[in-house]
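Trainee: Before I ask anything, here is the structure I am working with.
Read the figures in this text as sums done on the coordinates, not as results from a lab. Quick caveat: nothing in here was measured; it's all calculated off a predicted structure. Because the Cβ atoms are built from the backbone with ideal geometry, glycine has one as well, and the counts that use them run over all protein chains shown.
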Amino acid sequence: MDLLSSVISLGFVAQVLRLMTPFYLGASAANFSERGGVINISVEGFMNLSAFSFAVISILTGNVFTGFILAVLVNLIFSIMFGYFTVSLKINQIVTGVGFNLFIAGLTKFLLVYIFSSSSNTPRFEGLPELSLFKNVPFFGLFLTDYITIFCFLLIFISVYILFKTKFGLRLRSAGENPAAGESLGIKIRHYRYYGIFICGFLSAVAGIWMASNQNSYSDGMIAGRGYIALAAMIIGKWKPVNIFFACLLFSAFEAFEISLQISGSDIPSQLIQMLPYFITILVLIGFIGKTKPPAADGVPY
Amino acid sequence: MKIIFTALFTAVLCFSFNACGKKEAVNESGKETETSAAPKKVGLVFDIGGRGDKSFNDAAYKGLEEAKEKLGIDFEVIDPGDGSDRESALRKLASKKDVGLVFGVGFIFTDDINNIAKEFPDKKFACVDYSIDPSKQIPANVEAIEFKEEEGSFLVGVIAALNSKTKKVGFIGGMESNLIRKFEDGYKQGVKYADPDCQVLSGYVSVSPEGFKNPGKAKEIALSQYNSGADIIYHASGLSGLGLFEAAREKNKFAIGVDMDQQKEAPGFVMTSMVKLVDRAVFNTVKDFTENKFTGGIKTFGLLDNGVSYVYDENNKSLISEEIILKTDEAKKKLSAGEIKIELK
């Protein structure tokens, strides 16, 4: 009874949206890269990096907007490196991704000790300001308080528009589906692959910034696998922006449900409850949504 | 399809071995220590969260610094990151000729310490929060430092229940484990002792040690508990507790800290903290070691010797009334006298 009333509440909806934000940004990030034919499993690392640089720069400069811009910039620089390895040097994309994840995990911890002499977290800082525009609007006012969460909703439409309605999107997709055909029509495939990686870098930066801003600090390992869940959501969403959104919603709803279930004091062992989101992933992956088909040239260097 | 599976598989691999990259080379020179002077240096390996967690690890470090100041010892610490680095870090310290005593901070070290202690019988080891298994014998050169967390948690439970206006309080645990269950059981029974009508909502961040460093999840659990009517939440979740403090600020409700006095994390929102004097325990062990009185075996710190207690000072005086403190002290006396027994599941 308690559980039911806590699930059907605005607080629950708001929680689902908060949990969904980093998933959807991360999944969209990976999607743009993969649509361009580059598998980017280092979304986790990129989120970690931007959360770290956002926190550090915000603390050092005392200005979160400088922090935001520079954190995005840092991610773009790393995206250039990632692109250079995977597109220009044609190194195996998954190996590069793993390398980036490990490198960033080490780098952030090293710098954390170097700058703040703490191997666990930065001092506290004030995160991004809240949006007060909808504060007095009933219903929406309760959860539309975050710029980045609102950006998530817009991102669904922006992604669909860019990928399927623009010349740029068509060319980007050609780089991921059939680069040889694209090139025969004069498209600079490598450039488009770089663009995909750049968009990925930008969106994962926003995801990481949201994480750090929401906690008002950076702590080591705070992304806690959300980047990988985002990749799973992208696959379940079959590389389509709207589907990905619902996949992310599914994950976050189960995570929120798990929290409510624990609090309701049910007798179900919490190990089982905590397993739910991952169990659902496997269930979905083994065929509940039909065959998932990645872009044809995804992961193939060109 | 193959590529997807490779990607997912690699992602999972990469996730679970995240920080293995930092593994350090191990030298086995320790077995040939036949130096004339007894080794005087102290080594310490941190738990998950590492230095700067403003909790458990920092407390242990504080004990070492105090020992350095007062006893003139030298020390060396390793921050192992996650996972399998723990054992190699312990071995690395133990194999150094000048290190005579090695600490492992955290219950996660229990098995590692047992193994390494057998490898280095001439070195001393101590493990904070050693999880005691009656079926296994503790090696003679290991000191198992144990705290009666349930007693300290009982007292903060009393404070929480008496201060709660909504008759609902919360608990957040880091990793679902016997150690954290001790906190939860003590807390719940303290709440029930003070006010049988008061309800406890509890939640765990994770079933793996990652639960001690996921503040994002802890914040969501805290927000849910506050939304369900809890107005005071106690945590035993290490670094994840930072998420609770954020939630307390956001909702303008109270939190109760753990291990160390955590009032600084969110001044005005931290009602009290259940403190474990890890620093004292570390210091005492080092002292015994330097005076050649190191005996090994189980060392228990409870209410009687102030090994666990709660914070009540100038900063939180305004948050807790004197009447409540009197009642809490009464409970403390009853606990120490054995009139109240805490049942551990």
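Trainee: Would you calculate a helix-derived [θ] at 222 nm for the protein assembly as shown, using -39,500 (n - 2.57) for each DSSP H run of n ≥ 4 and dividing by the full residue count, to the nearest 500? Kindly include the intermediate steps, with their values, before the conclusion.
Mentor: Values: 23 runs with 346 residues, N = 647.
Mean residue ellipticity, 222 nm, calculated: -17500 deg cm²/dmol.
Trainee: Of the DSSP beta bridges with both residues in the protein assembly as shown, give the percent that are antiparallel, rounding to the nearest 5.
Mentor: Counting only bridges with both partners in the protein assembly as shown, antiparallel ones make up about 10 percent.
Trainee: Go through A:Lys109/B:Lys68; B:Lys136/B:Lys293; B:Lys165/B:Lys327; B:Lys92/B:Lys148; B:Lys118/B:Lys345 and tell me which ones have a Cα-Cα distance over 21 Å in this structure.
Mentor: A:Lys109/B:Lys68; B:Lys136/B:Lys293; B:Lys92/B:Lys148; B:Lys118/B:Lys345
Trainee: Within segment A:217-254, find all residues whose amide N lies under 19 Å from a label point positioned 7 Å from the Cα of A:Phe157 along Cα-to-beta-carbon.
Mentor: Flagged as within label range: A:241-246.
Trainee: Of A:Gln274, A:Gly45, A:His191, which is farthest on the positive side of the dipole of the protein assembly as shown, counting Cα position, with +1 on Lys and Arg Cβ, -1 on Asp and Glu Cβ, and the Cα centre as origin?
Mentor: A:His191
Trainee: Simple spin-label model, 7 Å along Cα-to-Cβ: A:Asn136 to B:Asp122 in nm?
Mentor: A separation of 8.0 nm, rounded to one decimal place.
Trainee: Something else: Taking the radius of gyration and the Kirkwood hydrodynamic radius from Cα positions alone, what is the Rg/Rh ratio for chain B, to two decimal places?
Mentor: Radius of gyration relative to Kirkwood radius: 1.00.
Trainee: Which order do the peptides A:121-131, A:230-240, A:102-112 come out in when sorted by mean C-beta neighbours inside 10 angstrom, highest first?
Mentor: Answer by packing, highest mean first, reads A:230-240, A:102-112, A:121-131.
Trainee: Efficiency by 1/(1 + (r/R0)^6): what FRET value for A:Leu170 and A:Ile286, r their Cβ-Cβ distance, R0 = 51 Å, to the nearest 0.05? Present the calculation step by step, with values, prior to reporting the outcome.
Mentor: On the way: r = 33 Å, r/R0 = 0.65.
Efficiency, from the Cβ-Cβ distance: 0.95.
Trainee: Moving on to the next point. What is the distance, in nm, between label points placed 7 Å from the Cα along the Cα-to-Cβ direction at B:Lys41 and at B:Glu314?
Mentor: Reported label-point gap for B:Lys41 and B:Glu314 is 4.0 nm.
Trainee: For segment B:297-312, in order, what is each residue's ³J(HN,Hα) by Karplus, 6.51 cos²θ - 1.76 cosθ + 1.60 with θ = phi - 60°, in whole Hz (x at glycine and Pro)?
Mentor: Residue by residue, segment B:297-312 yields x, 8, 10, 10, 10, x, 5, 4, 9, 6, x, 10, 6, 10, 8, 9 Hz.
Trainee: Compare the peptides A:65-72, B:100-107 by average per-residue count of other Cβ atoms within 10 angstrom and give them in order, highest first.
Mentor: Packing order, densest peptide first, comes out as B:100-107, A:65-72.
Trainee: Report the net charge of residues surrounding B:Thr166, where surrounding means a beta-carbon distance below 10 angstrom and charges are Lys +1, Arg +1, Asp -1, Glu -1.
Mentor: +3
Trainee: Cross-link partners among aspartates and glutamates for B:Lys54, C-alpha distance below 16 Å, same-chain residues fewer than 8 apart left out?
Mentor: Once the sequence-local aspartates and glutamates are set aside, what remains near B:Lys54 is A:Asp220, B:Glu65, B:Asp79, B:Glu246, B:Asp259, B:Asp261, B:Glu265, B:Asp279.
Trainee: Calculate, axis by axis, the spread of Cα positions in the protein assembly as shown along the three principal axes, and write the results as whole Å, longest axis first.
Mentor: Principal-axis extents of the protein assembly as shown (Cα, largest first): 84, 65, 47 Å.
Trainee: So, one more: Straight-line reach from A:Lys240: which lysines have Cα under 28 Å away, leaving out those fewer than 8 places along the same chain?
Mentor: Cross-link targets: A:Lys90, A:Lys165, A:Lys167, A:Lys188, A:Lys291, A:Lys293, B:Lys2, B:Lys217.
Trainee: Mind checking which aspartates and glutamates have their Cα closer than 17 Å to the Cα of B:Lys97? Skip sequence neighbours fewer than 8 apart in that chain.
Mentor: Counting by Cα, and skipping residues close in sequence, B:Lys97 has these aspartates and glutamates nearby: B:Glu28, B:Glu32, B:Glu34, B:Asp74, B:Glu76, B:Glu119, B:Asp122.
Trainee: Place a +1 charge on the Cβ of each Lys and Arg in segment A:22-226 and a -1 charge on the Cβ of each Asp and Glu, then give the dipole magnitude about the Cα centre in debye, rounded to the nearest 20.
Mentor: That gives segment A:22-226 a dipole magnitude of about 540 debye.
Trainee: With a bin width of 5 angstrom, please list the P(r) values of segment A:133-219 as percents of all Cα-Cα pairs, from the 0 bin to the one holding the largest distance.
Mentor: In whole percents, the pair-distance histogram is 3, 12, 16, 17, 14, 12, 10, 8, 5, 3, 1, 0.
Trainee: Mind checking which of A:Leu250, A:Ile235, A:Thr66 is farthest towards the positive end of chain A's charge dipole, using Cβ charges of +1 (Lys, Arg) and -1 (Asp, Glu) about the Cα centre?
Mentor: My answer, from the dipole projection, is A:Ile235.
Trainee: Now for a different question. Among B:Lys97, B:Lys182, B:Lys217, B:Lys41, which comes first, then next, by fewest other beta-carbon atoms within 10 Å?
Mentor: B:Lys97, B:Lys41, B:Lys182, B:Lys217
Trainee: Same structure, new question: Taking square-rooted eigenvalues a ≥ b ≥ c of the alpha carbon gyration tensor, is segment A:22-226 rounded, prolate or oblate, where a/c under 1.5 means rounded and, failing that, a/b exceeding b/c means prolate?
Mentor: Since a/c reaches 1.5 but b/c is at least a/b, the shape of segment A:22-226 is classed as oblate.
Trainee: Also, I was wondering about something else. Ranked by Cβ crowding within 10 angstrom, fewest neighbours first, how are A:Tyr114, B:Tyr187 ordered?
Mentor: Taking fewest neighbouring Cβ atoms as first place, the list is A:Tyr114, B:Tyr187.
Trainee: Hey, another quick one. In nm, to one decimal, how far is the A:Leu276 label point from the B:Asn306 one, both placed 7 Å along Cα→Cβ?
Mentor: 4.6
Trainee: With the dipole of segment B:113-226 worked out from charges on the C-beta (+1 for Lys and Arg, -1 for Asp and Glu) around the Cα centre, which of B:Leu162, B:Met175, B:Ile113 lies farthest toward the positive end?
Mentor: Toward the positive end, the furthest listed residue is B:Leu162.
Trainee: Considering amide H positions built from the backbone, and no H for Pro or chain starts, which residues 5 or more places from B:Phe147, or on another chain, come under 5 Å of its amide H?
Mentor: B:Asp129, B:Phe301
Trainee: Would you mind working out the magnitude of the charge dipole of the protein assembly as shown relative to its Cα centre, with +1 at each Lys and Arg C-beta and -1 at each Asp and Glu C-beta, to the nearest 20 Debye?
Mentor: Details: 65 positive and 66 negative charges, 452 e Å.
The calculation lands at about 2180 debye.
Trainee: Work out, step by step, the length gained on full extension between A:His191 and A:Phe110: first 0.36 nm times the residue separation, then minus their alpha carbon distance; give nm to one decimal.
Mentor: 25.8 nm
Trainee: In chain A, which whole DSSP H runs stretch at least 20 Å along their own axis (Cα) and average -1.0 or higher on the Kyte-Doolittle scale? Intermediate results must be reported in sequence, preceding the final value.
Mentor: Numbers: long enough: A:10-35 (35 Å, 0.60); A:43-61 (26 Å, 1.49); A:64-83 (28 Å, 2.33); A:93-116 (33 Å, 1.65); A:147-165 (25 Å, 2.31); A:189-215 (40 Å, 0.54); A:241-263 (33 Å, 1.47).
Going by DSSP H runs, the hits are A:10-35, A:43-61, A:64-83, A:93-116, A:147-165, A:189-215, A:241-263.
Trainee: Counting only residues 5 or more places away or on other chains, whose amide H sits under 5 Å from the amide H of B:Gln199 once H atoms are built in the peptide plane?
Mentor: Those qualifying (amide H under 5 Å, at least 5 residues apart or on another chain) are B:Lys168, B:Val169.
Trainee: Across segment A:28-141, what fraction of all alpha-carbon pairs, as a whole percent, falls in each successive 10 Å bin from zero upward?
Mentor: Bins of 10 Å from zero give 13, 35, 27, 19, 5, 0 percent of pairs.
Trainee: Order of B:Asp122, B:Asp279 from fewest to most other C-beta atoms within 10 Å?
Mentor: With the fewest neighbours first, B:Asp122, B:Asp279 line up as B:Asp122, B:Asp279.
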